[in-house]
Amino acid sequence: MSLIEEVMRRQAHERAAMPGGLAANSGAGASAARVARSVVAPAPEAPIQEYRPATVDPEALERNRVLLRVQDVAVSRAYKILRTRVLHRMTANNWYTLGVTGTGAGEGKTITAINLAIALAQDPNAWVFLVDLDLQRPQLGAYLGMSYEYGLTDYLTGQAQLEQVVYDIGIKRLAVVPNSSPVETSSEHLRSAKMTDFINALEGQSPRRYVILDMPPINVSDDVLAFAPRVDSFLLIASQGITARRTLANAKEVLSELNVLGVVLNRSTERNDSPYY
Ligand SMILES: Nc1ncnc2c1ncn2[C@@H]1O[C@H](COP(=O)(O)OP(=O)(O)O)[C@@H](O)[C@H]1O
Ligand SMILES: [Mg+2]
């Protein structure tokens, strides 16, 4: 039996042994999942499993520019182009995790991660997890106005099980992992075996999931670099009028060993309202 066949057989066996499907997959299983990545295609027609329901607040969505139904043609087009480019690159490379980061606070990482995840989930072939990985300054749940009991830190500190922190917010093919308790020792948590198990469990679901990680900026802590080995690709967010060109160039250098899909220019004053292009 070839290595790949052996990996696929073992994965099928592991999946069958785990009720509910949110199976933590660590140690040898984790590296096995990485090998199998190149041969196991996602099966979009398979039914998504159920996660804990959580409500969102329509006023919070509007206030925070979460784009459930985009009226603005130029904005809608920009997110669709971003979605399609990200999907192309990730599919071509068998990448499943995407870290959204930048150089400093307030550049629009969180809002881009949310709107990109929503746009991705609108593609019938993409199943998406959106995870708040800004452990020192979690904001995802607040931006969505989510009501929920446990967040990612509760799982990392052993106060909640994995399946207790994954929520269905009523958007098809999207599940959200929010967080409400900031932790000081964030990079230690990000390097922990529990965190690796968590991402493996999300990403290894069947059908395969794209995991969008709302991350902190790279210039304020070592969090992004601490978790980088577990992230397939990155998107850098820069904000017109906020991000200095030199800072951005430094960031690209810091991340040069990693797969940076590109830079998103947020708050751009350039618009394209042409009806055709
Ligand atoms: N393109 C934009 N236009 C207007 N406001 C924006 C835009 N992008 C972000 N913001 C606002 O700026 C603030 C910071 O955005 P956020 O996504 O939290 O940044 P980060 O995660 O990089 O710290 C939020 O209040 C957000 O609503
Ligand atoms: Mg943020």
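Would you mind counting up the charge near ILE212? Only other residues with Cβ under 12 Å from its Cβ, with Lys and Arg at +1 and Asp and Glu at -1. All intermediate terms of the calculation are to be shown ahead of the outcome.
Working: positive: ARG83, LYS109, ARG209; negative: ASP132, GLU203, ASP214, ASP232.
Value of the local net charge: -1.
Please compute the length gained on full extension between ALA60 and GLU184, using 0.36 nm multiplied by the number of residues separating them and subtracting their Cα-Cα distance.
Working: separation 124, 0.36 × 124 = 44.64 nm, distance 2.68 nm.
Residue separation times 0.36 nm, minus the Cα-Cα distance, leaves 42.0 nm.
List the trypsin sites (Lys or Arg not before Pro) in the range 150-204 that DSSP assigns to loop (not H, G, I, E or B) and whose Cβ has at most 11 other Cβ atoms within 10 Å. Which are they? List each step's numbers first, then the result.
Details: sites: LYS172, ARG173, ARG191, LYS194; in loops: LYS172, ARG173.
Counting only loop positions with at most 11 other Cβ atoms within 10 Å, the trypsin sites (Lys or Arg not before Pro) in the range 150-204 are LYS172.
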For the range 152-277, the Cα convex hull volume per residue in Å³ comes to 167
So for the range 41-266, considering every pair of alpha-carbon atoms, how many percent are separated by more than 34 Å? 6
Probe 1.4 Å, heavy atoms of protein chains only: per residue, the accessible area of the range 176-277 in Å² is 49
I need the phi-derived Karplus couplings for the range 83-96: 6.51 cos²θ - 1.76 cosθ + 1.60, θ = phi - 60°, integer Hz, Gly and Pro marked x. 4, 5, 5, 4, 4, 4, 5, 5, 5, 4, 9, 6, 9, 10
Additional length obtainable on full extension of the chain from ARG137 to ARG85, 0.36 nm per residue less Cα span: 15.9 nm
Distance in nm between label sites at ALA92 and ARG246, each 7 Å beyond Cα in the beta-carbon direction? 3.4
Which far-off residues, 5 or more places away or on another chain, put their amide H under 5 Å from the one on GLY99, with H placed in the peptide plane? LEU213, SER233, PHE234, LEU235
Please work out whether the range 133-216 counts as rounded, prolate or oblate from its C-alpha gyration tensor, where a ≥ b ≥ c are the square roots of the eigenvalues and a/c under 1.5 means rounded, while otherwise a/b larger than b/c means prolate and anything else oblate? oblate
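The values are calculated or read from the model by the stated rules, or taken from the named source; none is laboratory data. Note that the structure is a prediction, hence the values are computed from the model and not measured. Reconstructed Cβ throughout: ideal geometry from the backbone, glycine too, with neighbour counts over all protein chains shown. Calculation scope for accessible area: heavy atoms of the full protein, side chains included, ligands and nucleic acids excluded. Shrake-Rupley method; radii C 1.70, N 1.55, O 1.52, S 1.80 Å.
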